[in-house]
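What follows is one structure encoded as structure tokens, with my remarks underneath.
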Amino acid sequence: MTPQRRRIARIAVFIVALALLIAAVVAILRSAPTIEQVRAAVVHPDPTKVLLCVAALLVNLVACGGIFHALLSPFGRIGRFEMVQLIATSSVMNYLPLRPGLVGRIAHQDVVNGISLRRSAVSVVEAGVVCAFSILWLASAIAIAQWSGMHLLGWIMAAMPSLGWCARRSADPTTAQRLLNSLAWRQVDLLAWALRYWAVFGLLGVSLSPLDCARAVCIGGAANLVPFIGNGLGIREWALGLAGERMALWSTDLGLAAELLNRATDIAVAVPIGLICAVPIARRLRKAMAGRNGPVTG
């Protein structure tokens with residue numbers, strides 16, 4: 001596929017994702033009971049659950065930054081906080097067609113941090129593998145817990161990837177060490193997502209069990225892995241709604257409403273943070289470009 005056709009295909013996918021998001025909103029508006037639950041969640045929210053949702057989102061940003069820092073720090077000069085700033089900014093930009101946030105982050109890592117374009121591209125694949133593995137592992141732990149009736153066994157299995165924290169950290173880590181460290185950060189990310197789902201469903205008057213929160217994480221996490229769609233736009237909403245109803249966890253409308261509340265939190269909190277983080281990122285990029293071009297002589 002030529003670059004032009006690839007660009008057109010990605011724009012078409014973005015339009016479909018946006019249409020799915022609009023369809024989710026329309027579906028909620030046509031459901032009187034769900035609208036009432038959403039109205040109650042917005043007009044009279046539980047402050048504790050709102051704060052928990054916001055705090056968990058901030059943990060998501062830090063954890064995602066940790067995932068990529070673990071994968072990339074041996075190959076360039078990049079701090080953990082700088083990586084979090086890049087993730088926050090690129091996540092906002094990835095809501096746009098063609099996912100410019102990903103392209104911009106890779107370019108920044110090349111110009112500012114001395115990380116080659118090839119290595120940055122490989123890190124995206126590695127992060128995708130880590131995220132996919134974590135979802136499959138968690139889903140397997142849920143299945144074992146449900147099949148055996150021994151929930152403790154399932155939770156022990158679900159927590160095992162956290163042993164990645166034990167991987168030795170050195171100036172020149174092996175590929176296995178980098179992947180294990182990033183997998184440990186991914187565990188923090190998944191835990192934050194579980195708290196977010198518990199909070200948004202709680203705002204709608206539904207109390208999820210820990211196992212149901214883990215199921216929601218698997219559904220949402222799988223939707224986030226769909227390529228060419230930034231932040232699982234539209235896909236995550238319908239995945240949570242339809243899969244949740246099929247598993248008799250919640251109705252489609254309730255799943256849509258919960259994920260839309262998650263999306264609203266992203267827009268209300270993550271977008272401003274990403275825009276604020278874009279300022280120092282742009283400043284560093286201009287400085288690095290000026291250094292590359294050298295001083296202007298008369």
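Quick note: the coordinates plus some simple rules give every number you see, no bench work behind them. No experiment lies behind these values; they were computed from the predicted model shown. Note: ideal-geometry Cβ built from the backbone for every residue, glycine included; neighbour counts use all protein chains shown.
Here are a few things to note about the model shown:
- Given (1) over 30 Å from R169 (Cα atoms); (2) among the hydrophobic types (A, V, I, L, M, F, W, C); (3) over 14 Å from the mean Cα position of the chain (by Cα), number of the condition M93 does not satisfy: (3)
- Of note, V269 satisfies the criterion of being in contact with a Leu (Cβ under 6 Å, 6 or more places away or on another chain) and surrounded by fewer than 21 Cβ atoms within 10 Å (Cβ to Cβ).
- Those residues of the stretch 140-153 which are touching a residue at least 40 places away in the same chain (Cβ under 8 Å) and surrounded by fewer than 18 Cβ atoms within 10 Å (Cβ to Cβ), in sequence order: Q146, H151
- Scope the stretch 193-208; condition surrounded by fewer than 21 Cβ atoms within 10 Å (Cβ to Cβ) and touching a Lys or Arg at 6+ places or on another chain (Cβ under 6 Å); matching residues: G202
- Residue match in the stretch 46-57 (condition: free of Cβ contacts under 8 Å to residues at least 12 places away in the same chain, over 20 Å from the mean Cα position of the chain (by Cα), within 24 Å of N231 (Cα to Cα) and part of a helix (DSSP H, G or I)): no
- Residue in the stretch 113-132 that is within 23 Å of N262 (Cβ to Cβ), assigned to a loop (DSSP other than H, G, I, E, B) and within 17 Å of the chain's Cα centre (by Cα) present: no
- Residue in the stretch 193-204 that is out of contact with any Pro (no Cβ under 7 Å at 6 or more places or on another chain), of a type in the set (D, E, K, R), farther than 30 Å from R284 by Cα and part of a helix (DSSP H, G or I) present: yes
- Near pairs, Cβ below 7 angstrom, 6+ apart or cross-chain, from the stretch 222-233 (in contact (Cβ under 8 Å) with a residue 60 or more places away in the chain and within 20 Å of S140 (Cα to Cα)) to any residue that is among the small types (G, A, S) and surrounded by fewer than 19 Cβ atoms within 10 Å (Cβ to Cβ): L225/G128; L225/A132
- Boolean, C64 is under 26 Å from A176 (Cβ atoms) and not small (G, A, S): yes
- Flag if L71 is farther than 20 Å from R168 by Cα, surrounded by 16 or more Cβ atoms within 10 Å (Cβ to Cβ) and of a type outside the set (D, E, K, R): no
- Flag if V125 is within 27 Å of L275 (Cα to Cα) and in contact with a helix residue (DSSP H, G or I) (Cβ under 8 Å, 6 or more places away or on another chain): no
- Breaking point among (1) under 22 Å from P227 (Cα atoms); (2) out of contact with any Leu (no Cβ under 7 Å at 6 or more places or on another chain), for Y95: (2)
- Failed item in (1) under 16 Å from R284 (Cβ atoms); (2) surrounded by fewer than 22 Cβ atoms within 10 Å (Cβ to Cβ); (3) among the β-branched types (V, I, T), with V122 passing the rest: (1)
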